[in-house]
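The values are calculated or read from the model by the stated rules, or taken from the named source; none is laboratory data. None of these values were measured; they are calculated from a predicted model. Cβ atoms come from the backbone with ideal geometry, glycine included; neighbour counts cover every protein chain shown. Areas reflect the complete protein model, heavy atoms only, side chains present, ligands, DNA and RNA absent. Shrake-Rupley method; radii C 1.70, N 1.55, O 1.52, S 1.80 Å.
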Amino acid sequence: MASEIGPVEVTHENGLVRLTQDGPKIEIAAQFVQLSDTDGEPAAGVNAANRLIEQQVLSQIDAFRDEYQGFLAGNDGEHLGPPWGLSITGELLYQGPTFWTVDLETYHFTGGAHGGTENQALILSRQSGEPIPVSAIFKPDSNWLQRLSEASYQALIQREPFEPDDEWLVSGTAPEPDNYQVLLPIAEGLEVVFGLYQIGPYAIGITRLLLPYPALSGLLNPDLFPIQEP
């Protein structure tokens, strides 16, 4: 049945990879960065990193197409309702001395009241191309969850529409690993991304919070951040 919704077309241009599929009732569009070895990093590491990014995108596309095929099968092959859509962007936010930071953002619509947006942080070693887990951003056995929780909560209560006793905010910024899965180290600091419904209703949307590196002094892994305050 996969051929019924057509193939995914792949193009490479200007350092970007584009994956597209256009149909009367389903549209898929993905565009993501293709890293280069212009700064002299090992070619094997660059290739491994690019493969990982592409695999992450393709896995989402495959899952979306499978879901759509199941939707058609449940309706005797007929598409009911508005067209489905999947849009993925992969942006290189930072190229540091030891790692790349890629923000993978996905929007999907399957005919409900509204679509959904999700972010995935890809922190990739410039030496090996392997992903760096969230916990490895920080010193081993440090209280990084507690520090991020306190800093995030204090920063967000200064914004509209949050209030100090907002239970949604308190829960969404609590020092739990699931609350801090999307961390994007960039030049200015650590960007924390709070997803839909994490700290408020859908209308709030995706919330991004930048924590400057001085606010995280003594907490970051010196192997990744060699220059930092004690």
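Ranked by accessible surface with a 1.4 Å probe, highest first, in what order do LEU190, LEU52 come?
I get LEU52, LEU190, largest accessible area first.
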task: Would you work out which of LEU58, GLY172, LEU224 lies farthest towards the positive end of the dipole of the chain, given +1 charges on the beta-carbon of Lys and Arg and -1 on that of Asp and Glu, about the Cα centre?
output: LEU224
- request: Just reorder PHE109, PHE32 by solvent-accessible area, largest first, 1.4 Å probe, all chains present.
  value: PHE109, PHE32
field: Assigned charges on the beta-carbon of Lys, Arg, Asp, Glu; segment 1-133 dipole about Cα centre (debye)
entry: 140 debye
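Expected output is a single nm value to one decimal: the length gained when fully extending between ILE186 and GLU163, i.e. 0.36 nm times separation in residues minus the C-alpha distance. What is it?
Here the segment from ILE186 to GLU163 would lengthen by 5.5 nm.
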For segment 1-111, accessible area per residue (1.4 Å probe, heavy atoms of protein chains only), Å²: 52 Å²
- request: Please work out whether segment 91-225 counts as rounded, prolate or oblate from its C-alpha gyration tensor, where a ≥ b ≥ c are the square roots of the eigenvalues and a/c under 1.5 means rounded, while otherwise a/b larger than b/c means prolate and anything else oblate?
  value: oblate
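Within 10 Å of each candidate Cβ there may be at most 11 other Cβ atoms; applying that plus a DSSP loop requirement, which GluC sites (Glu not before Pro) in segment 27-120 survive? List each step's numbers first, then the result.
Working: sites: GLU27, GLU54, GLU67, GLU78, GLU91, GLU105, GLU118; in loops: GLU78.
Here the GluC sites (Glu not before Pro) that fit, given the DSSP loop and packing criteria, are GLU78.
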- request: Please state the charge dipole magnitude for segment 121-173, taken about the Cα centre, from unit charges on C-beta atoms (+1 on K and R, -1 on D and E), reported in debye and rounded to the nearest 20.
  value: 440 debye
field: Degrees between helix 144-156 axis and first principal axis of the chain (Cα, 0 to 90, nearest 10)
entry: 80 degrees
- request: Measure nothing but the geometry: give the 0 to 90° angle between the long axis through the Cα atoms of 43-73 and the longest principal axis through the Cα atoms of the chain, rounded to 10°.
  value: 50 degrees
query: Using a Gaussian network model of the chain with C-alpha springs under 10 Å, which one of THR101, THR11, THR207 is most mobile by mean-square fluctuation?
result: THR11
task: Any chance you could run the full-extension gain for ILE206 through SER135? It's 0.36 nm times the residue separation minus the Cα-Cα distance, nm to one decimal.
output: 23.3 nm
task: May I ask you to derive the FRET efficiency for GLN146 and ASP76 from their Cβ-Cβ distance with R0 = 45 Å, giving the value to the nearest 0.05?
output: 0.25
- request: Specify which residue in the list VAL8, ASN75, ALA155 is farthest towards the positive end of the charge dipole of the chain, using unit charges on the beta carbon of Lys, Arg (+1) and Asp, Glu (-1), about the Cα centre.
  value: ALA155
- prompt: If amide H atoms are built 1.01 Å from N in the plane of the peptide, which residues on other chains or at least 5 residues away come under 5 Å of the amide H of LEU190?
  reply: LEU211, TYR213
field: Accessible carbon and sulfur surface of the chain relative to its total accessible area, %, 1.4 Å
entry: 51 percent
task: Would you calculate the separation in nanometres between label points at THR117 and ARG18, each defined as 7 Å from the Cα along the Cα-to-beta-carbon direction?
output: 2.2 nm
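With all protein chains present and a 1.4 Å probe, how do HIS12, HIS114 order by accessible area, largest first? Intermediate values should be presented prior to the final figure.
Values: HIS12 115, HIS114 85 Å².
Sorted by accessible area, descending: HIS12, HIS114.
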- prompt: Computed from these coordinates, which is Cα Rg over 2.2 N^0.38 Å: [x] 1.14; [y] 0.96; [z] 1.92?
  reply: [x]
- prompt: Dipole of the chain, Cα-centred, from +1 at each Lys and Arg C-beta and -1 at each Asp and Glu C-beta, to the nearest 20 debye?
  reply: 300 debye
